[in-house]
Amino acid sequence: MTISVGERLPNVTIKKATPNGAEEISTADFFAGRKVVLFGVPGAFTPTCSNSHLPGFVENYDAITGRGVDAVAVIAVNDAFVMGAWARFTGAEDKLVFLADGSADFARAIGLDLDFSARGMGVRTQRYSMIVEDGIVKALNVEEVPGQAVTSGAARILEQL
């Protein structure tokens, strides 16, 4: 069952990519006491994620944080080392928080996992964005058309803030 607006995010252990390597963190701790824009992508370095989805959040970072958002984070079913490399490659490591959900535990817990095994990619997260305040989902945008980042893009988040 997919998480809904008004519900608390489940507490799952994920990893945060940092300049010093992977840092283990619980979602309860990461979201506690602050307003976070979180967007999920099927995979780091994949075409839509790298060329459309992530760049919109980087370009609109100042506008998003200017509306009272404490952090903008991206999460993917990749390991923290891949997420760290993606952060450096995109030049966004000083703006976005790169979160690794390596075993898709968070994706499954919020009901937004997607089985891409037939494409050789295993279980991934669906493309989405959400606004989370103190662990509670205040807005949720799940992309309906594969290969697009419109419903879940930065422009939509800005409309909701």
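Here are the numbers for this structure:
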{"read-out": "Conditions (1) closer than 25 Å to M1 by Cα; (2) modelled with pLDDT of 95 or more: number failed by C49", "value": "(2)"}
{"read-out": "Matching residues in region 116-129 - criterion: being in contact with a Gly (Cβ under 8 Å, 6 or more places away or on another chain) and either surrounded by fewer than 16 Cβ atoms within 10 Å (Cβ to Cβ) or in a strand (DSSP E or B) (or both)", "value": "F116, M121, R124, T125, Y128, S129"}
{"read-out": "Which numbered condition D29 misses (of (1) surrounded by 17 or more Cβ atoms within 10 Å (Cβ to Cβ); (2) in a helix (DSSP H, G or I))", "value": "(1)"}
{"read-out": "Matching option when the condition is under 14 Å from the mean Cα position of the chain (by Cα), in contact (Cβ under 8 Å) with a residue 12 or more places away in the chain and assigned to a helix (DSSP H, G or I), among F89, F81, F39, F106", "value": "F106"}
{"read-out": "Of all residues making up region 93-111, the number that are out of contact with any strand residue (DSSP E or B) (no Cβ under 8 Å at 6 or more places or on another chain) and among the hydrophobic types (A, V, I, L, M, F, W, C)", "value": "2"}
{"read-out": "Neighbours by Cβ (under 9 Å, 6+ apart or cross-chain): first from region 58-71, assigned to a loop (DSSP other than H, G, I, E, B); second surrounded by 15 or more Cβ atoms within 10 Å (Cβ to Cβ) and β-branched (V, I, T)", "value": "N60/V72; N60/I157; V69/V36; V69/V37; V69/I131; V69/I157; D70/V36"}
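The values are calculated or read from the model by the stated rules, or taken from the named source; none is laboratory data. It should be emphasised that the depicted structure is a prediction, and the values quoted were computed from it without experimental measurement. Every residue, glycine as well, gets a Cβ built from its backbone with ideal geometry; the counts of neighbours run over all protein chains shown.
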